Amino acid sequence: MTTVGVIGLGYVGLPLAVAFAQEGCDVVAVDVDASKIAAIEAGDSYIEDVSSELLREVSGRIYATTRYARLAKADAILVCVPTPLTANREPDLGPLIDSTQALAEVLQADQLVILESTTYPGTTRERVVPILEKSGLAAGRDFHLAFSPERVDPGRTDFTLRNTPKVMGGLTEACAERAEAIYGLVCERIVRVSSPEAAELTKLLENIFRSVNIALVNELAMLTDRMGIDIWEVVEAASTKPYGFMRFEPGPGMGGHCLPVDPFYLSWRAREFDMTTEFIELAGKVNQQMPYHCVAKAQRALNDAGLSVKGARIAVLGVSYKPGVGDIRESPALKIISLLGDLGADVRYHDPHVPALADFDLRSLPLQEALKDADLALIVTAHPSVDHDLVATRARLVLDLRGVTRSSNVGNVVRL
């Protein structure tokens, strides 16, 4: 029977652990967060893509622990720890280094280690290999090593772990074969590339592509705002072209675990090769400016209504980074709330997926209560369960940053 170890039980690691358990594998699930271990043992999922019911169904095959020792019995170990940015927006490999060092202490001959954490090209070979080889085992000879980037889009049901092609690059051909065999248990299609570096860069390209195109349409949104042209009308019209155009929509900025972070991993790495990735860095700067643009637009909307932003009651609708989920990582709504608070606004919010924002000492209010007496309703994330047409008719003034009120023929709506 195959035993799979998973290090890091977040939005990537927990679904992987459950998927392997569903296929009859024994799973050793490791995380430094004791609260996650307790939740798994109780059968209470904290990840939206894994229901508590499903977690309880496979709980007999998942051994959750904060200790690495049990990983010595695993055939394959998947490393799914966070790879965030520092305050200076440089790669923070601290969690990866810590987990790799702990793994090296229990690593056994013939084990397979696969890194899934998004990172810059060269991390697997230059950073992970030396640490794991402190075990006295040689990578590619005594144990197998590969990189396979996660492709998780939280809340998505049409493309899941099973039917999303799995890109993977092994340190050697034998490493790749072992990794393909493991992933074949839970993935329908494996896409092998020539090296870990190629797989690492594949992940970055996927997200940089989106970052650059979102930045393009966001910059156009700022321009059309000055020109008095409806950016939504322009995007809609351009989207009728049946070839050579891919639709991207403007918004208050980028959020989530990948888009605001991944481009900086590559731009940082590029500097080691005496190259400045100006195109990529410019896209990041444009997207980082969008919350400021949106707050300035809110100020103008209030001013046109004879109101000051200081003391204005502003209802923020949607604070997660994307519709239909409760994930607030890097959400532009958080920056917008902070900026509005700094300007003296009285901010409240409604989000059916995010019950509280501890950093702001705020709790989600029912929609009608949030709109009651609000001077401005600010649509930041358009959750499908929220009736935005109702918002357009009930609110005194609406600033729609997502273009979801275009069908509402009311005069109190201002759009991005």
### Message
I'm checking my understanding of the structure. Among residues of the stretch 301-323 that are surrounded by fewer than 14 Cβ atoms within 10 Å (Cβ to Cβ) and not small (Gly, Ala, Ser), which one is nearest to Gly256 (Cα to Cα)?
### Response
Lys310
### Message
Just to be sure I understand the filter: pairs with C-beta atoms under 7 Å, separated by 6 or more residues or on different chains, first member in the stretch 150-168 and open to solvent by less than 40 Å² (accessible area, probe 1.4 Å), second member among the acidic types (Asp, Glu). Which pairs pass?
### Response
Glu150/Glu116; Pro154/Glu48; Pro154/Asp49; Pro154/Asp327; Met168/Glu180
### Query
What are the residues in the stretch 45-78 that are open to solvent by 40 Å² or more (accessible area, probe 1.4 Å) and β-branched (Val, Ile, Thr), if any?
Thr66
### Summary
Apart from one, (1) under 10 Å from Ser148 (Cβ atoms); (2) part of a helix (DSSP H, G or I) all hold for Phe209; the odd one out is (1)
### Task
Give me the pairs, please: first residue somewhere in the stretch 266-277 and closer than 20 Å to Asn207 by Cα and part of a loop (DSSP other than H, G, I, E, B), second residue anywhere and modelled with pLDDT of 90 or more and among the polar types (S, T, N, Q), beta-carbon distance under 7 Å, and either six or more positions apart or on two chains.
Thr277/Ser267
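Closer than 24 Å to Ile97 by Cβ, open to solvent by less than 20 Å² (accessible area, probe 1.4 Å) and either of a type in the set (Val, Ile, Thr) or modelled with pLDDT under 95 (or both): does that describe Val28?
Numbers: closer than 24 Å to Ile97 by Cβ: yes; open to solvent by less than 20 Å² (accessible area, probe 1.4 Å): yes; either of a type in the set (Val, Ile, Thr) or modelled with pLDDT under 95 (or both): yes.
Yes.
Inspect all residues belonging to the stretch 11-25 and state whether any of them is open to solvent by 20 Å² or more (accessible area, probe 1.4 Å) and touching a helix residue (DSSP H, G or I) at 6+ places or on another chain (Cβ under 7 Å). Even if it seems obvious, please write down each step before you answer.
From the stretch 11-25, those open to solvent by 20 Å² or more (accessible area, probe 1.4 Å) are 11, 15, 22-24; that's our starting set.
Going one step further and asking which of them are touching a helix residue (DSSP H, G or I) at 6+ places or on another chain (Cβ under 7 Å), we end up with none.
No, every residue in the stretch 11-25 fails to be open to solvent by 20 Å² or more (accessible area, probe 1.4 Å) and touching a helix residue (DSSP H, G or I) at 6+ places or on another chain (Cβ under 7 Å).
Applying the selection to the stretch 75-92, what residues are at pLDDT below 95 and either outside any strand (DSSP E or B) or within 18 Å of Asp31 (Cα to Cα) (or both)?
Initially, the stretch 75-92 is screened for residues at pLDDT below 95, giving 82-92.
Within the stretch 75-92, Pro82, Thr83, Pro84, Thr86, Ala87, Asn88, Arg89, Glu90, Asp92 qualify.
Being among the acidic types (Asp, Glu) and closer than 24 Å to Tyr46 by Cβ is the filter; apply it to the stretch 145-191 and report the residue that is modelled with the highest pLDDT. I'd like the intermediate steps shown before the answer.
So in the stretch 145-191, the residues among the acidic types (Asp, Glu) come out as 150, 153, 158, 173, 177, 180, 188.
Filter once more, so that each one left must be closer than 24 Å to Tyr46 by Cβ: 150, 153, 158.
Values: Glu150: 93, Asp153: 84, Asp158: 89.
Looking at the filtered set, the residue picked out is Glu150.
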### Query
Which one of these is of a type in the set (Ser, Thr, Tyr) and surrounded by fewer than 19 Cβ atoms within 10 Å (Cβ to Cβ): Ser194, Ser211?
Ser194
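What residue, of Thr172, Thr123, is of a type in the set (Ser, Thr, Tyr), on the phi < 0 side of the Ramachandran plot and surrounded by fewer than 23 Cβ atoms within 10 Å (Cβ to Cβ)?
Working: Thr123 fails: surrounded by fewer than 23 Cβ atoms within 10 Å (Cβ to Cβ).
Answer to the selection: Thr172.
Taking the stretch 39-74 as the search range and keeping residues that are in a loop (DSSP other than H, G, I, E, B) and aromatic (Phe, Trp, Tyr), which one is farthest from Cys175 (Cα to Cα)?
Within the stretch 39-74, the match that is farthest from Cys175 (Cα to Cα) is Tyr46.
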### Query
Given Ala221, Ala238, which one is surrounded by 20 or more Cβ atoms within 10 Å (Cβ to Cβ) and either farther than 30 Å from Pro121 by Cα or out of contact with any strand residue (DSSP E or B) (no Cβ under 6 Å at 6 or more places or on another chain) (or both)?
Ala221
### Residues (touching an Asp or Glu at 6+ places or on another chain (Cβ under 7 Å) and either open to solvent by 50 Å² or more (accessible area, probe 1.4 Å) or over 25 Å from Ala39 (Cβ atoms) (or both)) located in the stretch 79-110
Leu85, Thr86, Ala109
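The values are calculated or read from the model by the stated rules, or taken from the named source; none is laboratory data. These numbers were taken from a predicted model, which means no experiment stands behind them. Here Cβ is always computed from backbone atoms with ideal geometry, including for glycine, and neighbour counts include all displayed protein chains. Ligands, DNA and RNA are stripped out before the accessible areas are found, and what is left, the full protein with its side chains, is counted by its heavy atoms. Shrake-Rupley method; radii C 1.70, N 1.55, O 1.52, S 1.80 Å.
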